[in-house]
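As structure tokens, the structure follows; a few thoughts come after it.
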Amino acid sequence: MKNLSIVIITKNEERNIGRCLESIISLSDDIIVVDSGSQDRTMEICQKHNIKFIVNDFHDYSSQKNFGNNIAKYDYIFSIDADEALSPELYESIKCLSFDSNKNIAFSFNRLSFHCSQPIKHGGWYPDKKTRIWNKNFGQWQGEIHEKLIFDSPPQIAHLNGDLLHYTYYTREEHINQAKKFSSLNAKSDFAKGKNSNLLLAYFSFVLRFISVYILRLGFLDGKIGYFIAKTTARATFWRKKELLDLNRSKKN
């Protein structure tokens, strides 16, 4: 495919990057992997493909992705994570696209996530619509923790058929560890913004979050893994509020 650059950021993604690259390799002659110091076989696997592999110090997700976008050959960017891959239907949808560098057009699609090899269709996990193909002249990534595309002016968005397959957690322990990591980062961000918390709010947030994911968003339809996801999501909310409370207490002492 012409006029489309593909950008991926990596660190220690040996179990995922091969699958990702195999699903996209014939879509572009400009595939850029921006790595932040992998200690596993990520670079070795990437070098088996005709791509650009660049090492760049990591500061935050947005700046790392924007770094790759800035050195991309083409104006239109497809941003895909190492733990994602294209379904055959989405591959065909992207393959048929054409791009005009003068137009502010973006393309979205649904993302289907897998948890311990099980596709998750409920609990707010699907369709998980993502806009990942856009003209870099009109938008870039912003946000240190949860990066998002911000456009200078709203683009015309076309929704494509097919799913982006997201291989999230291979074990339940991975999910818990990731939830702890991001709840801590979010708590620190809340603290920097001057927000407050208390134990009652922490417990109340836990209950509301669990009800939202497991009942209102039908997480129970995903079986035992749906219950685990709802509980872990609710616990992450509690951890965030509790750490914020601890940070504010430390500030006063």
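The values are calculated or read from the model by the stated rules, or taken from the named source; none is laboratory data. In this text the structure is predicted, and so the values were computed from the model without any measurement. Reconstructed Cβ throughout: ideal geometry from the backbone, glycine too, with neighbour counts over all protein chains shown.
Observations
- Residue that is acidic (D, E) and touching a His at 6+ places or on another chain (Cβ under 7 Å), where the choices are D40, D83: D83
- Among the residues of this structure, I77 counts as one that is β-branched (V, I, T), under 27 Å from I145 (Cα atoms) and buried (at least 16 other Cβ atoms within 10 Å of the Cβ).
- The listed residues are A187, A202, and the only one of them that is touching a residue at least 60 places away in the same chain (Cβ under 8 Å), surrounded by 15 or more Cβ atoms within 10 Å (Cβ to Cβ) and either touching a helix residue (DSSP H, G or I) at 6+ places or on another chain (Cβ under 7 Å) or closer than 13 Å to T233 by Cα (or both) turns out to be A187.
- Residue match in segment 2-12 (condition: charged (D, E, K, R), at pLDDT below 95 and under 25 Å from S98 (Cβ atoms)): yes
- Looking across segment 164-184, the residues that are free of Cβ contacts under 8 Å to residues at least 24 places away in the same chain and under 21 Å from E144 (Cα atoms) come down to N177, Q178, K181.
- Single condition L247 does not satisfy, out of (1) within 24 Å of the chain's Cα centre (by Cα); (2) touching a residue at least 60 places away in the same chain (Cβ under 8 Å); (3) in a helix (DSSP H, G or I): (1)
- Tally, over segment 30-75, of residues that are over 16 Å from W141 (Cβ atoms) and either of a type outside the set (D, E, K, R) or free of Cβ contacts under 8 Å to residues at least 40 places away in the same chain (or both): 24
- Some residue of segment 188-211 being in a helix (DSSP H, G or I), among the polar types (S, T, N, Q), at pLDDT below 95 and out of contact with any Ser or Thr (no Cβ under 6 Å at 6 or more places or on another chain): yes
- Taken over segment 218-244, the criterion of being surrounded by fewer than 17 Cβ atoms within 10 Å (Cβ to Cβ) and either assigned to a loop (DSSP other than H, G, I, E, B) or in contact with a Leu (Cβ under 9 Å, 6 or more places away or on another chain) (or both) is satisfied by L218 alone.
- Hits in segment 117-154 (condition: at pLDDT 95 or above, crowded, with 17+ Cβ neighbours inside 10 Å and in contact with a helix residue (DSSP H, G or I) (Cβ under 9 Å, 6 or more places away or on another chain)): I120, H122, G123, W125, I133, K136, Q140, W141
- Scanning segment 104-126 for residues that are part of a strand (DSSP E or B) and hydroxyl-bearing (S, T, Y) gives S108, S113.
- Members of segment 1-48 found to be among the hydroxyl-bearing types (S, T, Y) and within 16 Å of the chain's Cα centre (by Cα), listed by number: T10
- Residue within segment 35-50 that is among the basic types (K, R), touching an Asp or Glu at 6+ places or on another chain (Cβ under 7 Å) and surrounded by fewer than 20 Cβ atoms within 10 Å (Cβ to Cβ) present: yes
- Residues of segment 12-31 satisfying the condition of being under 22 Å from S93 (Cβ atoms) and among the aliphatic types (A, V, I, L, M): L21, I24, I25, L27, I31
- Set side by side, the residues I150, I157 differ, and just one is free of Cβ contacts under 8 Å to residues at least 12 places away in the same chain, of a type in the set (A, V, I, L, M) and either part of a strand (DSSP E or B) or in the same structural domain as C96 (by TED's automatic domain parsing) (or both), which is I150.
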